Structure formats: C-alpha cells, structure tokens
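Right, one structure below, let's go through it.
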C-alpha cells in the first residue's frame, strides 16, 4: 500500500496541472471573431455594390459610342427622352430601386425606338434606367433631379450640338440614387459619387 501511495504522489508532483480557458480569454476571442466578421461583411458588400454599378458605366460607354456614330451619319445626336428624369428606359419615370432588374428589350417602353435606332442593346436584364438629352450650344442641360448638371467642357460654338446620357438607379435601396453621366463634352464617365 505504501508503494502505491508513493507512485500516486510522484505522478501528481511530476505532471503539470491541466488548465482551461478563462471566461475573459473566451470573450476576447469572440470579440476578435466579431470584428473580423464585420470587416469581411463590409468588404463583400462594397465589392458587390461595385460589381452592380459596372453595368451603368459599360452601358454609358455603349451609348456614347452609338451617339457618336449616329452623329457621323446624321449630323445630330438622337435624344431618347423628352426631358431629364421623364423617362428612364426601360423603367419609365421612376428611378429603379433596390437592385431589381428589368429586360432592356422592352418594346412597349418609352425610348425603345430611339435605343433601337442607336443600336444600343444588351441581352441581360438591367438595373439602371437610361436616358439621353440633346441640345445645342448656348443652352445648358437641365439639372438631373437626382444630381445636377455635368457642364464641364460645354460646346460654345453656335450651332454645335451636345448630349448628356444618364444612367440612374438606387442600387442599395436607401432612397439616394446613383447617377452616372456620359457627355459629348468629355470622354470621361462622370458620377455623383454616392458610392
């Protein structure tokens, strides 16, 4: 029996005690994981919004190219809307909200004939509404209701013509529209910098 006691006491003294995690250590780990998850969520959301906005920029580039080709053939630009904010093809008079999509090939929508004449189309549903306003030198574009007027580089020569093409959507559904503009004044695509 004495021999067993000696072995038991030797094992207790020679082996380190097992230690668990304290509640504070576990809470720190949970807090770190929460911060990392928040950062990841923010990064993914920003990436998704950037991907959604690329449609507007690409379509405005296509409209810009089509308007310039149309002008070479007819010596004028082709308007697709009677006024700013009156018709966002293919959405009508309302700004598209919350990232919903609609087919661009809407044959009954205002502006369909004009976009067909420009040969601007896409096989994919769109989440932006598009419009093109045309004018002559000496007249400024009417301010966009969701943004204002991109007037940099307006033509000054009498008889010269201009156009402003808008892509408008409320991508994230927060009530503030994201607006891109392509103009005959500049080669850049302008933005209201919402996102």
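At-a-glance table
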read-out: 191, 87, 116 arranged by Cβ crowding within 10 Å, fewest neighbours leading; value: 116, 191, 87
read-out: Residues 55, 176, 25 arranged by fewest to most Cβ contacts within 10 Å; value: 25, 176, 55
read-out: The range 23-191 - convex hull of alpha carbons, volume per residue in Å³; value: 128
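Taken together, the values in this text are just the output of simple stated rules run on the coordinates, not laboratory data. If you're wondering where the values come from, they're calculated on a predicted model, not measured in any experiment. With ideal geometry, Cβ positions are generated from the backbone for all residues, glycine too; neighbour counts draw on all protein chains shown.
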